[in-house]
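Report on the structure given below.
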Amino acid sequence: MKTKISIFISLFLSFIIFLSLSQMMFNYIFQNEPYFYYGSFPIENKNLMFSKTFPQQAKAVLVLEDDILKVYLPKDNEYFDLILKDIKSFLYDISIKLNKIVKPYFIEKKNLKFPDIYDYYIKILRSVFYSVIFFSGWMFSLFDKNNLKLFFLHYYKEISIRFLIFLSAIILYLIPIFFFFSNYNIFLSSLIYALSAIFIVSIFENIYLNLFMYIVFGIINFDNIIISNKIYLIILFLTLLINFIFNYISIFITREAAEIERNKRKDFRGIERKIK
């Protein structure tokens, strides 16, 4: 257990360091991403780029209508605070140029895609989050057949302690997520996939098969193939159900095999006695 705790602490600290450094790097790179403006615009800036049609991909699209600056943003973006300073600067310059107060109006647009740099940043974050949850949960997992057997034998106190350790390992990773990000939904699917992978690998004792399942769920998580929260919960429930069924059957088969072996030994002893 001490070794597991040491590994967990190392993973947890590495995760926090990774979040800090990756956010600093992203903020620096993201500042160079241009803002697109659509239609006439009274000011020029090195960070402004004209578009003849409404862009399909941008960190923000600016449209000036009378004294309102409409700022179109991709839905569920996580960088509003990063662009707020630039938007205020644009508003000030436009107001001076037009000699009137221009106000902002922020709009989240569903079909406006994120810039590639932001998209890959989120995918990398989700992949790392998925990995640390998976390996930490796998270390402290209580969803194998041995723990299920303990549950059936009414070792509730032991199971409760193991469950609290497992839950604590998961929750600790959520704390820095809440600290660094305001939109937690982007990590919900990663958490579901990691837990689902833990349920599945807890069935098998083959490390290569377990790593294969980790990779399969990791690929699905990276591409974010499924986007419905209901489907996420269905996946979680189904993998937990599969885990229970397979482990229960495994316990039953092991018990039957042990019973057969016990009977063979009895028969063998009986034969030995007759010979003597």
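Quick notes on this one:
- Selection status of Leu164, loosely packed, with under 15 Cβ neighbours inside 10 Å and either part of a helix (DSSP H, G or I) or at pLDDT below 85 (or both): yes
- The residues on offer are Ile9, Ile16, Ile43, Ile5, and the sole one that is farther than 20 Å from Ile107 by Cβ, among the β-branched types (Val, Ile, Thr) and loosely packed, with under 12 Cβ neighbours inside 10 Å is Ile9.
- Conditions (1) surrounded by 17 or more Cβ atoms within 10 Å (Cβ to Cβ); (2) closer than 19 Å to Asn183 by Cβ; (3) in contact with a strand residue (DSSP E or B) (Cβ under 8 Å, 6 or more places away or on another chain); (4) of a type in the set (A, V, I, L, M); number of the one not met by Leu62: (2)
Residue by residue, here is whether (1) out of contact with any helix residue (DSSP H, G or I) (no Cβ under 6 Å at 6 or more places or on another chain); (2) of a type in the set (Ser, Thr, Tyr) holds:
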{"site": "Ile9", "(1), (2)": "yes, no"}
{"site": "Leu13", "(1), (2)": "yes, no"}
{"site": "Leu19", "(1), (2)": "no, no"}
{"site": "Ser22", "(1), (2)": "yes, yes"}
{"site": "Tyr35", "(1), (2)": "yes, yes"}
{"site": "Ser51", "(1), (2)": "yes, yes"}
{"site": "Gln57", "(1), (2)": "yes, no"}
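- Filtering Phe135, Phe151 for residues that are in the same structural domain as Tyr248 (by TED's automatic domain parsing), assigned to a helix (DSSP H, G or I) and in contact (Cβ under 8 Å) with a residue 24 or more places away in the chain leaves a single hit, Phe135.
- Single residue of the stretch 228-243 satisfying the filter (among the polar types (S, T, N, Q) and over 8 Å from Ser196 (Cα atoms)) that is surrounded by the fewest Cβ atoms within 10 Å (Cβ to Cβ): Ser228
- Taking the stretch 189-209 as the range and being surrounded by 13 or more Cβ atoms within 10 Å (Cβ to Cβ), part of a helix (DSSP H, G or I) and either free of Cβ contacts under 8 Å to residues at least 12 places away in the same chain or aliphatic (A, V, I, L, M) (or both) as the test, the residues that pass are Leu191, Ile192, Ala194, Leu195, Ala197, Ile198, Ile200, Val201, Leu209.
- Within the stretch 90-103, considering residues that are in a helix (DSSP H, G or I), without any contact (Cβ under 8 Å) to a residue 12 or more places away in the chain and not hydrophobic (A, V, I, L, M, F, W, C), the one surrounded by the fewest Cβ atoms within 10 Å (Cβ to Cβ): Tyr92
- Residue within the stretch 108-115 that is of a type outside the set (A, V, I, L, M), free of Cβ contacts under 8 Å to residues at least 60 places away in the same chain, surrounded by 13 or more Cβ atoms within 10 Å (Cβ to Cβ) and touching a Ser or Thr at 6+ places or on another chain (Cβ under 9 Å) present: no
The values are calculated or read from the model by the stated rules, or taken from the named source; none is laboratory data. From a predicted model like this one, the values you see are computed outputs, not experimental measurements. Cβ: placed from backbone, ideal geometry, glycine included. Neighbour counts: every protein chain shown.
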